[in-house]
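Here's the structure we're looking at; comments come further down.
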Amino acid sequence: MSGFVLQDRDGTELLTVTVPGAVVRLLTIAPVLVALGALHRLAPDTPWWPSSMIVLLAVVAAAVPDSAVGLLTLGGLVAWWFISVDVATPWWGLLVAGCGLTFHAALAHAAAGPPGCTPSWAAVGRLARRCAVVLAVTAALALVVEVAEEGGEPPALIVGVTLALVAALPWYAARRSG
């Protein structure tokens, strides 16, 4: 796959930047920015310095996807969300969960393969489709939570549908990988 190649004076390749590789790296940083933007919209009085540290961790995780910095970033984002946001609707939680899913999937994809491995558009598309399925099931669960929250005690049908949706994810994953 072609891209921008940076070489030293001896002709040794130092860095290759491809469009799919840049998209995957961007998908490790942008979701963290979106989630932190949602956090500061819901809790405008929270300090910015922890958020800037989480963004810095996301940038480091994008540069070194094989390290534990990604786990630290995701844990820091979740902890900062729980500490800062007192009241949020399931839909804000869904947005942040989607951001966390995108960060995790893109970082795991960037860490797969040898260093410098360039992802293909087909691989990035497969990853996006799989994330969309997980996010659709998560959105269905958020809808169930919203309905149950407004209706008081959830009826047995809603509980059954929720359990069926949760059970569908491992079945779908096993079916797709087999």
Of the residues in region 75-102, those that are part of a helix (DSSP H, G or I), of a type in the set (Ser, Thr, Tyr) and either free of Cβ contacts under 8 Å to residues at least 24 places away in the same chain or within 20 Å of Val137 (Cβ to Cβ) (or both) come to Thr102
Residue count, region 135-157, condition surrounded by 12 or more Cβ atoms within 10 Å (Cβ to Cβ) and at pLDDT 70 or above, comes to 13
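Table: residues versus (1) more than 30 Å from Ala122 (Cα to Cα); (2) part of a helix (DSSP H, G or I).
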| site | (1), (2) |
| --- | --- |
| Pro20 | no, yes |
| Val23 | no, yes |
| Leu39 | yes, yes |
| Asp45 | yes, no |
| Val59 | no, yes |
| Gly70 | no, yes |
| Thr73 | no, yes |
With criteria (1) within 29 Å of Val144 (Cβ to Cβ); (2) over 11 Å from the mean Cα position of the chain (by Cα); (3) of a type in the set (A, V, I, L, M), Ala68 comes up short on (1)
Picked from region 88-110 (must be of a type in the set (Gly, Ala, Ser) and under 13 Å from Ala61 (Cα atoms)), the residue surrounded by the fewest Cβ atoms within 10 Å (Cβ to Cβ) is Ala108
TODO: Answer with yes or no whether Leu39 is surrounded by 13 or more Cβ atoms within 10 Å (Cβ to Cβ), closer than 24 Å to Ala140 by Cα, among the aliphatic types (A, V, I, L, M) and at pLDDT 85 or above.
DONE: yes
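The values are calculated or read from the model by the stated rules, or taken from the named source; none is laboratory data. The structure displayed is predicted, hence computed values, not measured ones. Backbone-built Cβ (ideal geometry, glycine too); neighbour counts: all protein chains shown.
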